[in-house]
Amino acid sequence: MMNRIGLICRYIQEHPCCTQRELAAKLDLSLGTINTLLKECSKQQFISQGKNHSDLSAASCAYELTPLGKAFLDQFRVDGALIIAAGFGSRFVPLTFEMPKGLLEVFGERMVERQIKQLHQAGITDITIMVGYLKEKFEYLIDSYGVNLIYNPEYSCKNTLATLYRAQKILQGRNMYVLSSDNWLRENMFHSWECGAWYSSVYQEGSTSEWVLSYNKKKRITHISIGGHDSWVMYGPVYFSKEFSQEFLPLLIEAYQTPGTEQFYWEHVLMNHIDKLEMDINRQPANQVYEFENLEELRLFDPKYQTHSDSKAMELVSRVFQVPEGEIHDIRCLKSGMTNNSFLFQLKGRHYICRIPGAGTELLINRQQEASVYEAVEPLGITEHVVYLDKATGYKIAEYYEGSRNAQADSLQDMTACMQLLRCFHQSGISVAHEFNIRERIDFYENLCRSSQNGMRFEDYAQVREWMDEMLLQLEQQNRPKTLSHIDSNVDNFLFLPDGSVRLIDWEYAGMCDPLIDLGMCAIYSYYNDEETEQLMECYFGRPATKDERLIVYAYMALGGFLWALWAVYKSAQGEEFGDYTLIMYRYAKRYYKKYVSARADMTSPSPKDNNNFKKM
């Protein structure tokens with residue numbers, strides 16, 4: 001009752017001399033309900049009638065808010081807004097490889113800026129934006145609009161449950177809007193006062209996978225389910241009253257601290273406890289709230305995106321194939337990779353992959369050398385079909401093989417085929433002018449790590465580096481023959497085509513090197529143990545490995561682990577994290593150094609007969 005009285009007072013405050021019919025239409029309530037509420041407001045002396053009207057029940061009567069009404073309304077004043085803008089927006093690639101979704105323009109105006117301006121129009125200037133992915137892109141909003149930014153360090157591995165957990169101090173004890181940066185609102189639906197918690201909702205006909213709301217006559221949400229038919233669904237802005245947050249936040253904290261909720265939305269908590277949480281449905285008319293699901297939807301809404309998306313990748317595809325951007329469709333994020341980003345697209349009935357070099361890769365990878373490798377191995381017919389490769393930037397467009405699959409590291413049949421292809425490639429006699437020098441690469445990444453703010457993170461790094469130098473020196477003294485080697489012989493880079501043939505893709509690191517480095521790299525990429533590594537060598541050689549071969553593979557497993565651990569430390573200093581990858585690679589460096597030392601000792605120790613003779617002497 002009090003919240004509805006507050007709504008009456010708010011609307012009269014915002015629209016002096018409004019009529020009863022206007023109140024009914026704007027507040028989505030019947031004239032009977034409006035009449036009852038007006039009588040209560042009059043009884044409490046919150047409102048007064050306009051000078052020219054005397055019949056309180058007349059639908060055309062006008063009202064004004066009294067000083068008592070204004071004092072009553074003050075408890076409902078909105079304190080601020082929290083805008084969630086931490087996520088990646090995978091369904092908007094390639095645009096979101098370059099720009100967060102909330103900063104994309106709709107009709108020439110960035111979505112998050114539109115909401116900020118609408119909040120300002122309602123007198124709400126205390127605005128906090130929760131950032132994560134490409135957080136630096138939002139920094140200008142501090143100066144332009146006076147917003148606050150807070151960083152969610154879990155944005156890449158957890159969902160919005162964690163986002164609100166990180167923002168709990170901002171919500172506690174305050175009346176707050178909770179918004180998504182990538183919503184577009186046609187009309188300004190924000191107010192200086194809000195009377196009770198609510199969730200914006202639109203009606204969707206037919207089947208829907210959205211979160212469906214059930215509610216009672218008073219518009220209180222009574223049930224939430226995922227998916228439904230001909231339903232009112234959660235869509236757009238949300239409002240947390242301080243009373244709602246007081247009940248909700250302890251439940252949110254409990255859920256966050258419960259294992260297995262990492263991918264929960266904060267709405268999961270609302271759904272699971274809706275019987276004890278009071279939140280209303282805020283039904284919105286059609287064409288008011290927009291949550292664009294993908295680039296195709298945005299193209300239909302804003303025609304600009306049919307011809308010009310401001311995306312370098314889309315402009316490249318358009319130029320290479322000489323088609324307007326609107327013909328590029330069925331766009332999907334393929335991976336946000338450790339080195340590159342890539343997306344799948346369809347054009348003229350065929351699928352292609354566009355690779356976008358990751359930030360800073362120009363420092364790590366020589367694209368001219370990569371191009372020379374593709375040219376050298378082209379006669380073998382073992383690589384992906386490259387349509388375009390920019391030797392300066394590293395952008396690449398390649399054919400996508402429908403029905404293909406990656407090799408499975410736990411399949412003996414797959415790995416046998418992969419190793420046979422690798423051995424034939426090594427024996428092809430093809431060469432290029434550049435080397436892959438693992439000592440030089442280790443030195444390079446070590447210097448990058450030391451020059452970063454975090455420096456070297458491993459406590460025993462000096463000792464492990466001595467071990468690596470020891471192996472490097474012994475390998476160099478052997479002067480082993482070099483062939484063109486792939487270096488990045490990850491199982492994900494072996495493709496099995498529907499016709500049974502195998503392709504080896506992504507030759508960024510390839511160069512002249514000891515070919516056994518490819519076995520060592522394949523083993524550590526696949527997280528192989530001793531037995532699996534032994535089996536891998538047998539797949540490659542077609543027989544059990546000799547002691548010498550095993551020794552060399554162990555060395556490259558150790559050196560490869562050390563190299564990629566340094567690589568991951570450096571990338572981490574640049575703001576990218578790869579979970580436990582760094583630890584796993586560093587463990588390979590230490591473990592297989594020790595196995596290398598042990599295997600080398602076995603090879604150089606005297607035989608039992610020699611030992612007996614030695615004792616006799």
remark   = In the set Tyr199, Tyr215, Tyr235, the lone residue that is more than 29 Å from the chain's Cα centre (by Cα) and aromatic (Phe, Trp, Tyr) is Tyr215
message = Condition first: in contact with a helix residue (DSSP H, G or I) (Cβ under 9 Å, 6 or more places away or on another chain) and exposed (fewer than 12 other Cβ atoms within 10 Å of the Cβ). Now tell me which residues in the range 452-462 satisfy that.
response = Gln453, Asn454, Gly455, Asp460
task = Working only within the range 100-110, note down all residues that are surrounded by fewer than 24 Cβ atoms within 10 Å (Cβ to Cβ) and within 18 Å of Ser144 (Cα to Cα).
result = Leu103, Glu105, Gly108, Glu109, Arg110
ask   = Across the range 538-554, what is the number of residues that are surrounded by fewer than 16 Cβ atoms within 10 Å (Cβ to Cβ) and not in a helix (DSSP H, G or I)?
value = 4
task = Go through the range 440-460 and give me each residue that's within 19 Å of Ala555 (Cβ to Cβ) and of a type outside the set (A, V, I, L, M).
result = Glu440, Arg441, Asp443, Tyr445, Glu446
task = Of the numbered conditions (1) of a type in the set (Asp, Glu); (2) within 24 Å of Val320 (Cβ to Cβ); (3) crowded, with 18+ Cβ neighbours inside 10 Å, Glu362 fails exactly one; give the number of that condition.
result = (3)
request  = Can you confirm whether the range 231-243 contains a residue that is in a helix (DSSP H, G or I) and either buried (at least 16 other Cβ atoms within 10 Å of the Cβ) or touching a residue at least 12 places away in the same chain (Cβ under 8 Å) (or both)?
outcome  = yes
ask   = So is Thr483 farther than 30 Å from Tyr395 by Cα, at pLDDT 95 or above and either within 31 Å of the chain's Cα centre (by Cα) or hydroxyl-bearing (Ser, Thr, Tyr) (or both) or not?
value = no
query = Which residues, taken from the range 11-33, are at positive phi and touching a residue at least 60 places away in the same chain (Cβ under 8 Å)?
reply = Asp28
Qualifying positions in the range 248-289 - part of a loop (DSSP other than H, G, I, E, B), in contact with a strand residue (DSSP E or B) (Cβ under 6 Å, 6 or more places away or on another chain) and over 17 Å from Leu161 (Cβ atoms) = Gln284
key: Residues of the range 84-96 classified as over 20 Å from Pro303 (Cα atoms) and either touching a Lys or Arg at 6+ places or on another chain (Cβ under 9 Å) or outside the structural domain of Thr160 (by TED's automatic domain parsing) (or both), total   = 6
request  = Go through the range 281-309 and count every residue that is surrounded by 13 or more Cβ atoms within 10 Å (Cβ to Cβ) and in contact with a helix residue (DSSP H, G or I) (Cβ under 8 Å, 6 or more places away or on another chain).
outcome  = 10
request  = Kindly list the number of the only condition in (1) without any contact (Cβ under 8 Å) to a residue 12 or more places away in the chain; (2) surrounded by 18 or more Cβ atoms within 10 Å (Cβ to Cβ); (3) closer than 19 Å to Ile365 by Cβ; (4) among the aromatic types (Phe, Trp, Tyr) that fails for Phe444.
outcome  = (2)
request  = For the range 189-217, enumerate the residues that are charged (D, E, K, R) and in contact (Cβ under 8 Å) with a residue 60 or more places away in the chain.
outcome  = Glu194
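Quick one: is Ser526 among the hydroxyl-bearing types (Ser, Thr, Tyr), over 18 Å from Phe425 (Cβ atoms), within 27 Å of the chain's Cα centre (by Cα) and surrounded by 19 or more Cβ atoms within 10 Å (Cβ to Cβ)?
So Ser526 fits the description; yes.
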remark   = The condition of being loosely packed, with under 13 Cβ neighbours inside 10 Å, of a type in the set (A, V, I, L, M, F, W, C) and touching a residue at least 24 places away in the same chain (Cβ under 8 Å) holds, among Ala417, Ala392, Ala376, Ala409, only for Ala392
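The values are calculated or read from the model by the stated rules, or taken from the named source; none is laboratory data. Just so it is clear, the model here is predicted, and its values are computed rather than measured. A quick note on method: Cβ atoms are made from the backbone with ideal geometry, for glycine too, and the neighbour counts reach across all protein chains shown.
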